[in-house]
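Since the structure comes first, as structure tokens, the remarks are kept for the end.
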Amino acid sequence: MTKITFITSKKLFQNSIFFLTPLMVWKDFLNNENIFFDIKFYENLKLDYSDFIFIDSKVHRDILDKDFEKVSNDFDLFKKKTNYIFYCDTGDSSCWIEKKIFPLVDKYLKCQLLKDKNLYKTKMYGKKINSDFYHRNININDNKEIWSDKLNDNEINKLDLSWNIFFSNHNYLSSLNYFMIKFLKKNIIVNRLFYSNPHKKRINDFFIKFSDKNYYPTIGWQRKKILEIFDINKPKKFNKFNYFNLMKNSKYCLSPFGWGEIAIRDFESFVNGCILIKPDMGHIVTWPNLYIPNSTYIPIEWSLSDLKKNLDYYKNNYSLLVNIASEGQKIYKSHTEGISSGINFAKKIKELIS
């Protein structure tokens, strides 16, 4: 029997909810493999001994730089209660990594990793590969200049791929996630009630519901440029019902990078049967891999040089491209529904702890 304790914060940040959900929904599949998870909140933590401790990065988010001595002391305590400590970086970006954590842990897990791990040996502007791209190629500067830390071989060897934020209620009932986990330490997924057939009649061409505000300039550039291409000066805010209603009646969904490459909108697009258009994801590895170019999504250049000139093509050839939406939804379902999805997740956990 393998016992794993997962420590998270009662604040339940959004990514933490998504990260925890498959552990809850597929608990029986893990138990069938003699893997038993116990989820504990840091704020009232009482630890028993376990084989592994998985610690959510959000636990120490607010004190990591201000009081690292406290962080270090916590990890000293964890070491007395386990054989192995895995740090679960539930942040959005493939590149933003907390170098100071490496000496404290056995593995550093990320939801998405750079395909070329040697890039972690370089300094990146804004601590993100997309920020670095826009800084170097389009001369975009942030108000405050920050650079990523270079990782050495030993640190890179500790990096491992966990699972991304794919599994949750990406529908009208998304707020259910928070309350279920906070009060019951359970979650119920009801996406199957809200799937929209990609081949249904759709009256709107492009679903574009995002903002370029409150981002660093190197992050916001991509978003700002897309809004300019579509001549949107002030994105209209929608309530949840109208948001999803418009999405399921749209042919295409534009999903730029935000603080990270993967966006919740990607999975909402799969559920609602849109063709996902997104900056090329070929630089990362993630699990499950829902980003298969021109099969589950349409990749566009980071410079967006191909987007405007292809808009008419997208409009005029929707019937030829709609199978991309079908395939995206099919693969998303294959990782979130049925016995095989639970078996595959249990297999993923076994690989991580082997």
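The values are calculated or read from the model by the stated rules, or taken from the named source; none is laboratory data. On a predicted model such as this, the values are computed, not experimentally measured, just so you know. We place every Cβ from the backbone using ideal geometry, glycine too, and count neighbours over all the protein chains shown.
Sort through Lys186, Lys200, Lys240 and tell me the only one that's basic (Lys, Arg) and modelled with pLDDT of 95 or more.
Being basic (Lys, Arg) and modelled with pLDDT of 95 or more holds for just one of Lys186, Lys200, Lys240, which is Lys200.
Taking the condition under 22 Å from His170 (Cα atoms) and either crowded, with 16+ Cβ neighbours inside 10 Å or in contact with a strand residue (DSSP E or B) (Cβ under 7 Å, 6 or more places away or on another chain) (or both), does Lys240 pass?
no
Out of Asn272, Asn289, report the one residue that is buried (at least 22 other Cβ atoms within 10 Å of the Cβ) and out of contact with any Asp or Glu (no Cβ under 6 Å at 6 or more places or on another chain).
Of the residues listed, the single one that is buried (at least 22 other Cβ atoms within 10 Å of the Cβ) and out of contact with any Asp or Glu (no Cβ under 6 Å at 6 or more places or on another chain) is Asn272.
Given the criteria among the charged types (D, E, K, R) and under 22 Å from Gly342 (Cα atoms), does Asp28 qualify?
Yes, satisfied.
Among the helices (runs of 4 or more DSSP H) contained in segment 1-116, which hold 1 or more residues that are surrounded by fewer than 20 Cβ atoms within 10 Å (Cβ to Cβ), at pLDDT below 95 and on the phi < 0 side of the Ramachandran plot?
Per the criteria, 14-25, 27-32.
How many residues are out of contact with any strand residue (DSSP E or B) (no Cβ under 6 Å at 6 or more places or on another chain), modelled with pLDDT of 75 or more and not small (Gly, Ala, Ser) if we restrict to segment 148-169?
13
Have a look at Ile343, Ile298, Ile339, Ile262 and point out the one that is within 19 Å of Gln112 (Cα to Cα) and among the β-branched types (Val, Ile, Thr).
Ile262
Criterion first (over 21 Å from Phe194 (Cβ atoms), at pLDDT 95 or above, surrounded by fewer than 18 Cβ atoms within 10 Å (Cβ to Cβ) and not assigned by TED's automatic domain parsing to the domain that holds Ile129) does Ser303 satisfy it?
Yes, satisfied.
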